[in-house]
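The block underneath contains the structure these notes are about, expressed in structure tokens.
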Amino acid sequence: MSDTVRFRVHRGLSRSEGEEGFQDFEVPLVRGMSVMDGLDYIYDHLDGSLAYYDHAACNQGICQRCLIQINGATGLMCQTLVTGDLTLEPLSTQPVERDLVTKWGRKSDG
Amino acid sequence: MKTVKADVLIVGGGGAGFRAAIASRQEGAETLLISKGPLARCGASPMAGADLTCHGVGMREAGFFGEPNDSEEKFLSDIVHQGCFLNDQVLAERFVQDGPSRMMETLDWGCQPYLCDERAIFTSGIGIVDAHLKEARRLGTRFMDDTAVLELMVQEGQVCGAIGLDLRSGERILIDCHAVILASGGWHKAYTPVTGSKELTGDGVAMAYRAGAEVANMEFVTFACNVPLWPPIWRGSIVTYAMSLMCGGTLENADGERFLDRFDPEMVEIASTTEWNKSFFSFATALEVRAGRGTEHGGVYYVKGDTPWPEFEAKALRSYPDWKVKGADFSELGRRLRDGEGVEVAGAAEYFEGGVWVDERFASTLPGLYAAGECAVSLFGANRVAAATMEMLVTGAIAGKEAADFARTHPSASPHPTTARVLDDKITKPLRNRERVDVGQLRSDLQKAAASYLGPVRCERELVDFVRSLERMQQEVLPVLGASHEGQIYNKAWIECLELENMLTVLELSARSALQRTESRGVHYREDHPFSDNDQWLREIHLSLDRGERRSAVHPVRQGSLPLPSGRIPYLTMIHDMMRSHSDVGGHH
Ligand SMILES: Cc1cc2nc3c(=O)[nH]c(=O)nc-3n(C[C@H](O)[C@H](O)[C@H](O)COP(=O)(O)OP(=O)(O)OC[C@H]3O[C@@H](n4cnc5c(N)ncnc54)[C@H](O)[C@@H]3O)c2cc1C
Ligand code: FES
């Protein structure tokens, strides 16, 4: 049996505090996987409605658009290795759009 | 639906889009640039190494040592040989002529080089795009980011607007304009691993084709060699690609054999020291994997080879201090190479030669529609060695000026509201469809299929199967495809449903062209036709859609000053000849 880790992920259209604002997912642990790889797994296999910055992700630490709070610290989803259970929250300094997506990095108003 | 107006709409926030905006503003056109991702932080441009090439005399004019013995003629001849003579020579001439001016203005606008050779400066893709974005902004370009343009609108045979989608809010936007420049890049996301950023899904090429414009050379895809496959966090990086060119190293198959030893040593030497590396090593790697000598994740091992470690490491650290590459930490990679362990690597789609067919004004066959950069047909022909980052600037500058000129002289009527409603209906359909297909799984299957059937090595049997499965998905899956939920705010599944249509289109066009080209040339190798057939195939395959009917036409390449070769020659002999005919100018290009 392969090892799994628990991803506790913020959900919702605004910042929510407390347990009910989070959802847990079990993700198979692959050595050398990033937080982004884990979220891709959840989206592909468990819940296709999860929102995290991905539509123009560079995955190489170049665009700096995938910043979130990872276990309370600010980090890039694509460059943070998964080694154990995680709590993922939207960037604390930005208004939330949905789940883990904030207004971070948007220049125009659309 | 919100409506915005402009004279010229530019689709794409990479180097080609910014340079087109500068030229369009210089002509006085009201210019709106829409980018699917964040400005200057998406697409291929900021991911590039990057080199900017021009001939050695131009390099001297720009203040570098260059090569006094070089000339426009020599650089052109080298580019056309590298392109295996499939280049539109008139476009290639423009590239050679305009290069020095594009290089000098890039430096004037604040881009810093850190190295140079006879024909190139080496800088960063970020440095190039930031300098151009700043200039485009200074000249008064309007911008919208995180917004995808999804369909072109045509009235009385001329482009009159487009429909876009704000990917964050889900709001649709009608753009009323007189000319459109596509600068939307390639379709890297149709492959795995993805090297460009994830919004590159061939949208521009697919919407141009739907609107009736011709596309050409779609079978040619350049694969960057030596791209890591494993561990997942390294997938798609070009770090080992760049390292192999700078520091050396070699490739081993799963049996530990250094399989490059089976090729002509002169070819391996040329490929190891120039940007011929991409096509040649990706081809050699694909042969190993197809012969069953691949590694667990479908590649080969990149190892440091016979280079002594201190020498290897010193070279690596010169470009990547502390083994840091932009925001990523590769110290574990350094440790592995030092300890003689291999890194699993393979070719990964990096540059698409095919695209919207354009003439010397970078106008497509559809009046009012222009294309620049990677989404336009490449002036590099069947294989690229010189810089695509310079191509995006040269072609963007021409397209921007010409489109502004067209907008002034050919004002179009405003798009009809009924057409806008029909297109809006199409865009929102995945939100209404009941069948909640798992689009993530479909996309990931498609990426794997593209990587195996439309990689560096192709054959009829696989291409026929692939075209059939693409057509089946287009007919059976697309019409019922539904996002996993109805919300409009940052709905990834909705975005992916819309992208899937475009990826299916460009892959189908690419696979059909690859099937039709019964020869091997440049980056297109057909196992079942291992010859370069200069008598039959110095031609471009053009595809178009005419009232729903698929059309295909074959046109001779446009020749300039260089005479075309003749005869049917074994593929590797042709490549070897092309490598050897390089002029006496040094450097990596
Ligand atoms: C990893 C990597 C490294 C490379 N390194 C080099 C190098 O060292 N040297 C070199 O010469 N070449 C290199 N290349 C190739 C080169 O970077 C590209 O060919 C070039 O940057 C393309 O520029 P572009 O402006 O045409 O497209 P891109 O830079 O890809 O920009 C495309 C733009 O279009 C936008 N877009 C896409 N679809 C839509 C839509 N539907 N609506 C609105 N906007 C849209 C994207 O968001 C993006 O802003 C590299 C490519 C890759 C992937
Ligand atoms: S996705 Fe670009 S830095 Fe993480």
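Coordinate-derived values only; no laboratory data. In this text the structure is predicted, and so the values were computed from the model without any measurement. So basically every Cβ, Gly included, is an ideal-geometry build from the backbone, and we count neighbours across all protein chains shown.
Electrostatic tally near B:D329: other residues with Cβ closer than 13 Å to its Cβ, Lys and Arg +1, Asp and Glu -1, net +1. Residue-normalised convex hull volume from the C-alpha trace of the protein assembly as shown: 148 Å³ per residue. Distance between the pseudo-spin-label points of B:T3 and A:A73 (7 Å out from Cα toward the beta carbon): 5.3 nm. Scoring B:255-261, B:238-244 by mean Cβ neighbours within 10 Å over their residues and listing the highest first yields B:238-244, B:255-261. Note on chain B: Rg/Rh from C-alpha atoms, Kirkwood Rh, equals 0.95. Evaluated on region A:4-102, the Kirkwood hydrodynamic radius is 13.3 Å, with distances taken between all distinct Cα atoms.
The convex hull drawn around the Cα atoms of region B:223-349, when projected onto a plane and averaged over every direction, covers 7.1 nm².
Remark: for residue pairs A:K103/B:K315; B:K198/B:K324; B:K326/B:K448; B:K326/B:K429, the C-alpha separation exceeds 30 Å in A:K103/B:K315; B:K326/B:K429.
Averaging the sequence gap over all C-alpha pairs within less than 8 Å and six or more residues apart, then dividing by the number of residues, gives region B:419-533 a relative contact order of 35 percent. As a length-normalised measure over Cα pairs under 8 Å and 6 or more apart, the relative contact order of chain A settles at 32 percent.
Taking every residue in B:488-499, how many Cβ atoms of other protein chains lie within 10 Å of its Cβ, on average?
On the way: counts 0, 6, 11, 4, 12, 5, 0, 2, 4, 0, 0, 1.
Shielding by partners across B:488-499 averages 4.
Averaged over peptide B:286-292, the number of partner chain Cβ atoms lying within 10 Å of each residue's Cβ comes to 0. Per-residue mean of foreign Cβ neighbours for B:230-240 is 5 (Cβ atoms of other chains, 10 Å radius). Against the main long axis of the alpha-carbon atoms of chain B, helix B:388-409 sits at an angle near 20°.
Both radii are taken from the alpha-carbon atoms of region B:461-589; with Rh as the Kirkwood radius, Rg/Rh is 1.12.
Across every direction, the projection of the convex hull enclosing the Cα atoms of region B:419-533 has a mean area of 8.4 nm². Axis angle, to the nearest 10 degrees, between helix B:439-453 and the longest C-alpha principal axis of chain B: 40 degrees. Taking 45 Å as R0, compute the FRET efficiency from the Cβ-Cβ separation of B:E72 and A:T83 and round it to 0.05. Calculated transfer efficiency: 0.20.
The length gained by stretching the chain between B:D528 and B:D306 to full extension, at 0.36 nm per residue less their Cα-Cα distance, is 76.4 nm. Projected label points at A:L46 and B:H416, each 7 Å from Cα along the beta carbon direction, are separated by 5.0 nanometres. For the protein assembly as shown, the residue among B:W234, B:V180, B:L337 whose Cα projects farthest onto the positive side of the dipole built from Cβ charges is B:V180. In this label model, A:D24 and B:K134 are separated by 5.1 nm, measuring between points 7 Å along each Cα→Cβ vector. Relative to the longest principal axis of the Cα atoms of chain B, helix B:492-516 runs at roughly 60 degrees.
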